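Below is one structure; the comments refer to it alone.
The values are calculated or read from the model by the stated rules, or taken from the named source; none is laboratory data. Since the model is a prediction, treat every value here as computed from it, not as a measurement. Backbone-built Cβ (ideal geometry, glycine too); neighbour counts: all protein chains shown.
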Amino acid sequence: MRGLDRTTEHRLRLPAEEFREHVLDPQLAVTILSGEALHPLKPYFSQSEYDRLERVALVPFGEGERLFGLLLIAESAYLAESPKLLDVAFSAISRPITVLLRENREERLFPAQDRAILDEDEFRALASELQRPESDNIVFIGFDISNVVAHIAGQADDVDRFRIRQDVLRVVSVLVSEIATIGTSSSGRVILMLPGTGVADPDIVLHQIALQIAQLFDEIDSMPALAPVIREVDHETERVEEVLSELV
């Protein structure tokens with residue numbers, strides 16, 4: 001994001017489906033907005049930035065009904081060119097950029113196939129084994145993805161909730177498998193186990209997970225609430241089993 005104020009940088013999270021259906025011209029590689037047509041952008045810009053807008057180009061990158069990315073150009077000498085010339089120019093780059101965006105999305109979703117996600121019994125056994133007098137404290141993060149799965153499933157009648165859940169777990173795995181052990185409870189919550197040595201800030205980890213879910217799943221328009229519980233276990237005073245009972 002370049003050339004925009006900080007308020008706009010925080011706000012500019014365009015809902016892909018809404019813009020695909022109501023703003024983008026499906027017949028063109030680039031959609032030019034000006035005058036009243038700029039109004040759908042107003043909630044995503046600061047007032048000062050919005051007041052400066054005269055023409056905006058929106059360039060979608062996707063395949064069929066799937067939108068992988070959207071390039072927004074608010075200021076450029078190219079915006080003075082004819083819409084037909086812009087359409088020809090962006091048509092030439094649309095396909096290679098779409099391929100790169102799709103591959104980037106799939107790389108974040110699918111390389112986690114071989115990364116272990118433990119069930120509750122396996123997770124409890126490993127956590128108990130790690131609680132030794134000579135060990136560092138252990139940080140546990142429990143959070144709920146059931147609302148995310150339900151929201152995605154609610155967007156279509158023929159989706160498999162189990163596969164959606166597995167996709168969400170893959171996103172989590174890609175993000176944290178190098179710093180945390182991942183488990184799932186019988187109630188469906190996800191549990192992360194990290195060494196309590198400042199390897200990662202639990203709040204930042206949760207923020208990144210929610211952000212990635214929002215970015216990778218078109219059905220999620222904003223960062224989801226994960227209802228997290230964070231506990232740090234001191235091996236001298238607390239038992240892992242007791243803490244895990246609170247998290248699962």
Legend entry - Residue in segment 203-248 that is nearest to Val190 (Cα to Cα), counting only those that are of a type in the set (S, T, N, Q) and part of a loop (DSSP other than H, G, I, E, B): Ser222
Inset, instruction - Go through (1) touching a residue at least 60 places away in the same chain (Cβ under 8 Å); (2) more than 27 Å from Ala125 (Cα to Cα) and name the single condition Ala227 misses. - result: (2)
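Scan segment 9-35 residue by residue and report those that are in a helix (DSSP H, G or I) and aliphatic (A, V, I, L, M).
To start, the set of residues in segment 9-35 that are in a helix (DSSP H, G or I) comprises 9-11, 16-22, 35.
Answer for segment 9-35, where residues must be in a helix (DSSP H, G or I) and aliphatic (A, V, I, L, M): just Ala16.
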Inset, instruction - Could you please find all residues in segment 153-197 being assigned to a strand (DSSP E or B) and not small (Gly, Ala, Ser)? - result: Thr181, Ile182, Thr184, Val190, Ile191, Leu192, Met193, Leu194, Pro195
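One line per residue, one yes/no per condition, for (1) under 25 Å from Ala214 (Cα atoms); (2) at pLDDT below 70; (3) part of a helix (DSSP H, G or I); (4) of a type in the set (Ser, Thr, Tyr):
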residue: Met1; (1), (2), (3), (4): yes, yes, no, no
residue: Thr7; (1), (2), (3), (4): yes, no, yes, yes
residue: Ala37; (1), (2), (3), (4): no, no, yes, no
residue: Asp51; (1), (2), (3), (4): no, no, yes, no
residue: Leu100; (1), (2), (3), (4): yes, yes, yes, no
Legend entry - Where Gly188 falls short, out of the listed (1) in contact (Cβ under 8 Å) with a residue 60 or more places away in the chain; (2) surrounded by fewer than 20 Cβ atoms within 10 Å (Cβ to Cβ): (1)
Inset, instruction - Please specify each residue of segment 40-49 satisfying the condition of being over 20 Å from Leu71 (Cβ atoms) and out of contact with any Asp or Glu (no Cβ under 9 Å at 6 or more places or on another chain). - result: Gln47
Inset, instruction - Evaluate segment 135-152: report whether one residue or more is at pLDDT below 85, out of contact with any Pro (no Cβ under 6 Å at 6 or more places or on another chain) and loosely packed, with under 13 Cβ neighbours inside 10 Å. - result: no
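Residues checked against (1) farther than 19 Å from Ala150 by Cβ; (2) out of contact with any strand residue (DSSP E or B) (no Cβ under 8 Å at 6 or more places or on another chain); (3) surrounded by fewer than 19 Cβ atoms within 10 Å (Cβ to Cβ):
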position: Val176; (1), (2), (3): yes, no, no
position: Ile182; (1), (2), (3): yes, no, no
position: Leu194; (1), (2), (3): yes, no, no
position: Asp201; (1), (2), (3): yes, yes, yes
position: Ser222; (1), (2), (3): no, yes, yes
position: Val229; (1), (2), (3): yes, no, yes
position: Val233; (1), (2), (3): yes, no, no
position: Glu246; (1), (2), (3): yes, no, yes
